[in-house]
Amino acid sequence: MRLFHILPALMLGFASLLSSCEDMLDLKSESYVYAEDNKLDSANDSLYSAMGILTQMQKLGERYVLLGELRGDLMDVTAEAPTSLREISEFNVTAGNEYGSRRDYYSVINNCNYALARMDTTITEHLNRVMVPEYVAIKTMRAWTYLQMGLAYGRVRYVDKPLLSLDETEQSYPEVELDALVDMLVADLESYA
């Protein structure tokens with residue numbers, strides 16, 4: 001008799017558990033802002049975007065110092081130094097080197113491209129175009145990041161639009177040598193000087 005009452009209760013509980021998990025399979029989240037909906041149309045938006053990119057650039061700080069100092073003439077590594085640091089010092093960086101990854105650089109560049117594509121620089125308050133200072137600052141951050149990659153790797157894949165899908169990241173983009181990269185970066189910033 002007891003089994004007769006427990007079995008339907010278990011079946012009812014299991015059915016309610018399955019129906020309550022149905023929303024977990026929904027791919028559209030209400031807490032995520034989709035790219036096409038996100039416009040940077042106020043001075044605060046542009047400022048917060050620039051601050052976010054600067055925060056990401058802090059990740060590059062340690063790498064910037066290590067690459068600069070270990071490749072310079074005034075510093076050398078000891079025999080006990082980690083392999084990744086010895087590789088940098090000997091100009092022989094392998095694919096597995098933790099400081100040789102381009103991921104952090106391209107993360108900064110992609111966020112710069114996203115902000116530049118979404119920022120409305122025509123907004124005017126009191127006869128001032130309020131978004132232009134942050135727009136130029138973000139262009140400068142992107143140029144600095146590209147320049148550091150060019151100095152570290154010699155060639156970089158130049159992308160000037162935000163990559164928002166896996167298909168876009170798998171496309172081929174032109175590889176640019178350091179000299180051509182510098183010319184492109186100067187031409188990009190020249191009109192804002």
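The values are calculated or read from the model by the stated rules, or taken from the named source; none is laboratory data. Treat the numbers as computed from the prediction; the structure is a model and nothing was measured. Backbone-built Cβ (ideal geometry, glycine too); neighbour counts: all protein chains shown. Just so you know, the surface numbers come from the protein's heavy atoms only, side chains and all, with ligands and any DNA or RNA stripped out. Shrake-Rupley method; radii C 1.70, N 1.55, O 1.52, S 1.80 Å.
Of the helices (runs of 4 or more DSSP H) that lie entirely inside the range 66-175, those containing 2 or more residues that are among the aliphatic types (A, V, I, L, M) and open to solvent by 40 Å² or more (accessible area, probe 1.4 Å) span 132-153. Considering only the range 129-137, I want to know if a residue exists there that is over 20 Å from GLY52 (Cβ atoms) and modelled with pLDDT under 90. Within the range 129-137, one or more residues are over 20 Å from GLY52 (Cβ atoms) and modelled with pLDDT under 90. For GLU98, the criteria (1) at pLDDT 90 or above; (2) closer than 30 Å to LEU70 by Cα hold in every case but one, which is (1).
Looking only at the range 132-150, residues that are of a type outside the set (S, T, N, Q) and under 21 Å from ASP45 (Cβ atoms) come to 10 in all. Each residue in the range 138-193 was checked for being acidic (Asp, Glu) and touching a strand residue (DSSP E or B) at 6+ places or on another chain (Cβ under 8 Å), and 2 of them qualify.
Only a single item in (1) modelled with pLDDT of 75 or more; (2) surrounded by 10 or more Cβ atoms within 10 Å (Cβ to Cβ) is not met by ASN38, and it is number (1).
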